[in-house]
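> My questions will all concern the structure given below.
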Amino acid sequence: MKVGILNVQWLNNLGSVLLAYAVQKKLDEMGIENEIINYLPHEYDNHGEIVSAHPEEKISSAKKIENYNKFRKDYLRLTKEYIGNSNVDELDYDAYILASDTVWTPLRVDDNEAYVFYFEFCKDKPAKKISWAASIGSESKEDLDMMAPILKERLKNFDSISVRERESVDYVQSLTDKKVFHALDPVLMLEKDDYNEVLSEPNNELGNYIFTYLFDNVEGAYETTNKLSAHTKLPVIANVKDLSRIDNLLLNEEDYGPSDLIETIYNADYIITDAFHVMVYSILAKKPFIAYSRINTSIRLRNLLEDLDLSSKFLHDSQDGFEEILKEIDYEKVYEIINKWRDSTMKFINDSLDVDFNDK
């Protein structure tokens, strides 16, 4: 069996490339031949990237683009480029896995990539077609109502369906006769040490620090960062829109690629973020953290934290998180939940691919 993996790995975003890496590595562990389909919805722009549909994400610097491209070259087994939809019909695999993140975003439901991410290009082929923790990423009634008739028709292309956010299960289930499974994000299917091969060279000169990573200008996050820094006397490594709002800045991290980002998370003393996968790696590294909401996208962070019995770690944009981030997290309890979820997700993938992991 050979599996083709699809996701938004072209984005210069931590989760986008690490999800592809995690699915690739998990299938490798299962002994299943696989590669990541290097699909691009259109040509790179003059800046050298394909930008996100989300306006809050900053345009990447040339150095950041270089770092992400290096990661793809070093750690992702990519096919040749498939630009747009003209040649995707030639793809031929025994199974396709649509691998998580906001692959079903309402913002691009009619764009080029919808043809690929809803398996329109291979709907008449005998290959297995699987979504692994696909995310809509929105809880807006307007978005969901708009998507419903489109999604209902396109879900007919799938043999096995799983979604990432718990609140999306009932919505998607209402649009299909197939059983919709609540799957664990692929990044959390691996252990912390499973990412060691991609880590950058250790930099012990930075010492102890707070790491703040924000897509939006979240008032509470800035205030909590500065309050925590004053209390602990720790400097701040930051990737934020307004660096002038960080009182004790040690380093601007906006040029970092995936390897440096993971290393920064793993070595931080505290983490403050509104980014889903920065939060996920904080959990993998068992770090003290808080996660802030973003407009119309808070379902991602909120649902996962509820599922892991960490609801208190989710804060609204104006909340003071100082006291919360100082509270100890019972990671033994958290990992009891994660390990059970890993097992059920693994069963879903095995059943969907019709393979026995224990025989591999």
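> For the stretch 294-315, enumerate the residues that are in contact with a helix residue (DSSP H, G or I) (Cβ under 7 Å, 6 or more places away or on another chain) and either among the hydrophobic types (A, V, I, L, M, F, W, C) or not in a helix (DSSP H, G or I) (or both).
Listed by number, the residues that qualify are ILE299, LEU301, LEU305, LEU308, ASP309, LEU310, PHE314, LEU315.
> If only one of ASP343, ASP354, ASP307, ASP317 is touching a strand residue (DSSP E or B) at 6+ places or on another chain (Cβ under 9 Å), within 20 Å of VAL187 (Cβ to Cβ) and of a type in the set (Asp, Glu), which one is it?
ASP307
> Collect the residues in the stretch 308-357 that are among the hydrophobic types (A, V, I, L, M, F, W, C) and within 21 Å of the chain's Cα centre (by Cα), keeping them in residue-number order.
LEU308, LEU310, PHE314, LEU315, VAL334, ILE337, ILE338, TRP341, MET346, PHE348, ILE349 - these are the residues of the stretch 308-357 that are among the hydrophobic types (A, V, I, L, M, F, W, C) and within 21 Å of the chain's Cα centre (by Cα).
> VAL240 passes all but one of (1) under 19 Å from the mean Cα position of the chain (by Cα); (2) under 22 Å from LEU19 (Cα atoms); (3) not aromatic (Phe, Trp, Tyr); which number fails?
All conditions pass for VAL240, except number (2).
> Against the definition (in contact with a strand residue (DSSP E or B) (Cβ under 8 Å, 6 or more places away or on another chain), among the aliphatic types (A, V, I, L, M), at pLDDT 95 or above and not assigned by TED's automatic domain parsing to the domain that holds ASN69), how does ILE283 come out, yes or no?
Answer is yes for this residue.
Residues checked against (1) closer than 19 Å to ASN67 by Cα; (2) out of contact with any strand residue (DSSP E or B) (no Cβ under 9 Å at 6 or more places or on another chain):
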| site | (1), (2) |
| --- | --- |
| TYR209 | no, no |
| TYR213 | yes, no |
| VAL218 | no, no |
| HIS231 | no, yes |
| ASP260 | yes, yes |
| GLU263 | yes, yes |
| ASP269 | no, no |
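> Quick check on the stretch 31-48: of everything there that is not in a loop (DSSP other than H, G, I, E, B) and not hydroxyl-bearing (Ser, Thr, Tyr), which residue is farthest from the chain's Cα centre (by Cα)?
Per the criteria, the residue is GLU33.
Residue by residue, here is whether (1) in contact with a Leu (Cβ under 8 Å, 6 or more places away or on another chain); (2) in contact (Cβ under 8 Å) with a residue 60 or more places away in the chain; (3) buried (at least 16 other Cβ atoms within 10 Å of the Cβ); (4) β-branched (Val, Ile, Thr) holds:
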position	(1), (2), (3), (4)
LYS156	no, no, no, no
ASP177	no, no, no, no
GLU197	no, yes, no, no
PHE211	no, yes, yes, no
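> Now, a different point. Could you tell me whether TYR82 is aromatic (Phe, Trp, Tyr), more than 30 Å from VAL240 (Cβ to Cβ) and either assigned to a loop (DSSP other than H, G, I, E, B) or not assigned by TED's automatic domain parsing to the domain that holds LYS129 (or both)?
When the stated conditions are applied, TYR82 does not pass them.
> Can you name every residue in the stretch 91-131 that is surrounded by 20 or more Cβ atoms within 10 Å (Cβ to Cβ), out of contact with any Cys (no Cβ under 8 Å at 6 or more places or on another chain) and assigned to a strand (DSSP E or B)?
Within the stretch 91-131, ALA95, ILE97, LEU98, ALA99, ILE130, SER131 qualify.
The values are calculated or read from the model by the stated rules, or taken from the named source; none is laboratory data. All values derive from a computational prediction rather than experimental measurement. Heads up, the Cβs are rebuilt from the backbone with ideal geometry, glycines too, and the neighbour counts pull from every protein chain shown.
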